[in-house]
Amino acid sequence: MIDVFGCIKALVKLESICIDNIVFRLHYKITVILLITFSLLVNSRQYFGDPIDCTSTKELERVIDTLHHIGYHWRPYITVGQAGDQQGLEVPFPGVRPKFPGDTENYQRYYQWVGFYIFFQACTFFLPRYVWRYCWEDGRMKALVANLTSPIHTDFELVRMRQRIIIDYLYSNVGTHQAYAFKFFFCEVLNFLNVIFQILLTDAFLGYQFTTYGFEVMTHLRMSEEPPEKRTDPMSRIFPKVAQCTFTTFGHAGSKNTYSAICILSINILNEKIFIVVWFWYLILAVITGSGLIFRILTIACPPLRVWLLTRKSRAVESFVFTKLANELNIGDWFILYQVGKNLDELVFGELLKGLAHRFGSLRKTSV
């Protein structure tokens, strides 16, 4: 099965230069890897067998399997009503109760598109990353911190030279990084909007049953002690494993013949588990991303918070250095300096902060 997951190796690889943050990586790394893995699993027939298998004559079985797989006359039903007091009815298939009056039919056409739909979602979660890295960031951070990312430095002259280059760049371009910062902030907003959009889109894709799917599954599991007729399995309602299919043929003389078959949708055993994981992950991701946006708004509106974040990157630097930088740098300048700090050793970054503060001049010891 190693060959199936070979295409996601590039996403697992750690990058030498950090140009975003942890919340951003949850979208384009963890979520994309998760969704691509699910898509490969759903589309890997060689590992999980046929997605649908119908019981009928051998000739009709092949036809029904093929037509149902492409969505032609896909008419499954699952029973969702009460069993009632019906007695003496013949069960049409072992383990499946017959359809009683009051039970409803559930027409579904989405099951054959699940693998492609999940792959589409993976692409949308990678889109903000693509826009940021390849369209807007354009290697700026890599050029700034070149030769300084190693945790151990032996060529101190090279380190000092690179520090001077960064200091000169930041000092000479003060006030010009607003667009750089707000483009990144916009991509963070895109991440949040995308996860909300994917929740709503998946809800529509599954017949408006996804938003409550996780709650219903947890409720069903808590009712495991109840008799079967008093509880409805939401996983079987959305992803039925057994379906009754009707197939009509026409003879040469125009005679009409109708056949019924019981179909086993083995792929739905996997689909129901996939979407319960997706439901919980999207909920967690939306909460984390929304909290990240609130924190981003606070960093924009609250300069002392920006000072505190810089101090966490280099605790050995005196407080008056951070105060001086806070007075001289706007949100865009602070953001690019903070991103530089993510890629440098604490001591190297501390020396860079001191050198930049001295370049601004009038440096005196004050309390934060």
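The values are calculated or read from the model by the stated rules, or taken from the named source; none is laboratory data. None of these values were measured; they are calculated from a predicted model. Virtual Cβ from ideal backbone geometry, glycine too; neighbours counted across all protein chains shown.
Evaluate the following for PHE197: is it part of a helix (DSSP H, G or I), modelled with pLDDT of 95 or more and among the aromatic types (Phe, Trp, Tyr)? Quick ask: steps written out before the conclusion?
Numbers: part of a helix (DSSP H, G or I): yes; modelled with pLDDT of 95 or more: yes; among the aromatic types (Phe, Trp, Tyr): yes.
Yes: the conditions hold for PHE197.
Yes or no: ILE269 in contact with a Phe, Trp or Tyr (Cβ under 9 Å, 6 or more places away or on another chain), crowded, with 16+ Cβ neighbours inside 10 Å and modelled with pLDDT of 70 or more?
Spelling it out, it is not the case that ILE269 is in contact with a Phe, Trp or Tyr (Cβ under 9 Å, 6 or more places away or on another chain), crowded, with 16+ Cβ neighbours inside 10 Å and modelled with pLDDT of 70 or more.
Can you find a residue in the range 154-173 that is of a type outside the set (A, V, I, L, M, F, W, C), closer than 20 Å to ILE22 by Cβ and outside any loop (DSSP other than H, G, I, E, B)? Break it down into steps so the answer makes sense when it comes.
To start, the set of residues in the range 154-173 that are of a type outside the set (A, V, I, L, M, F, W, C) comprises 154-155, 157, 160, 162-164, 168-169, 171-173.
Now restrict to residues that are closer than 20 Å to ILE22 by Cβ: none.
Within the range 154-173, none of the residues are of a type outside the set (A, V, I, L, M, F, W, C), closer than 20 Å to ILE22 by Cβ and outside any loop (DSSP other than H, G, I, E, B).
Out of TYR259, TYR338, which single residue is of a type in the set (Phe, Trp, Tyr) and modelled with pLDDT under 85?
None of the others qualify; the one that does is TYR259.
Which one of LEU190, LEU206, LEU221 is without any contact (Cβ under 8 Å) to a residue 24 or more places away in the chain, over 24 Å from LYS354 (Cα atoms) and hydrophobic (A, V, I, L, M, F, W, C)?
The unique qualifying residue is LEU221.
Does ARG315 satisfy the criteria of being charged (D, E, K, R) and not in a helix (DSSP H, G or I)?
Yes, satisfied.
Of all residues in the range 185-227, count the ones that are among the β-branched types (Val, Ile, Thr) and under 30 Å from TRP136 (Cβ atoms).
Filtering the range 185-227 down to residues among the β-branched types (Val, Ile, Thr) leaves 189, 195-196, 199, 202, 211-212, 217, 219.
Then keep just the ones that are under 30 Å from TRP136 (Cβ atoms); that gives 189, 195-196, 199, 202.
Final tally of qualifying residues: 5.
Of these, LEU201, LEU193, LEU158, which one is surrounded by 14 or more Cβ atoms within 10 Å (Cβ to Cβ) and either closer than 26 Å to LEU14 by Cβ or not polar (S, T, N, Q) (or both)?
LEU201
Do we find a residue being at pLDDT 90 or above and basic (Lys, Arg) anywhere in the range 176-190? Lay out the reasoning, then the answer.
So the first thing to find is which residues in the range 176-190 are at pLDDT 90 or above, and the list is 176-190.
After this cut, where a residue has to be basic (Lys, Arg) as well, the list is 183.
The answer is yes, given that some residue of the range 176-190 is at pLDDT 90 or above and basic (Lys, Arg).
Where residues in the range 146-155 are among the β-branched types (Val, Ile, Thr) and either more than 30 Å from the chain's Cα centre (by Cα) or modelled with pLDDT of 90 or more (or both), which of them is surrounded by the most Cβ atoms within 10 Å (Cβ to Cβ)?
THR154
Kindly evaluate TYR117 against the criterion of being under 22 Å from the mean Cα position of the chain (by Cα) and more than 14 Å from ASP20 (Cβ to Cβ). Break it down stepwise before answering.
Working: under 22 Å from the mean Cα position of the chain (by Cα): yes; more than 14 Å from ASP20 (Cβ to Cβ): yes.
When the stated conditions are applied, TYR117 passes them.
Any idea which residue in the range 272-299 is surrounded by the most Cβ atoms within 10 Å (Cβ to Cβ), counting only those that are within 23 Å of VAL340 (Cα to Cα) and touching a residue at least 60 places away in the same chain (Cβ under 8 Å)?
THR289
Taking the conditions exactly as written (within 30 Å of ASP333 (Cβ to Cβ), over 25 Å from the mean Cα position of the chain (by Cα), of a type outside the set (Ser, Thr, Tyr) and modelled with pLDDT of 90 or more), does ARG306 satisfy them or not?
Working: within 30 Å of ASP333 (Cβ to Cβ): yes; over 25 Å from the mean Cα position of the chain (by Cα): yes; of a type outside the set (Ser, Thr, Tyr): yes; modelled with pLDDT of 90 or more: yes.
Considered against the rule, which asks whether it is within 30 Å of ASP333 (Cβ to Cβ), over 25 Å from the mean Cα position of the chain (by Cα), of a type outside the set (Ser, Thr, Tyr) and modelled with pLDDT of 90 or more, ARG306 comes out as yes.
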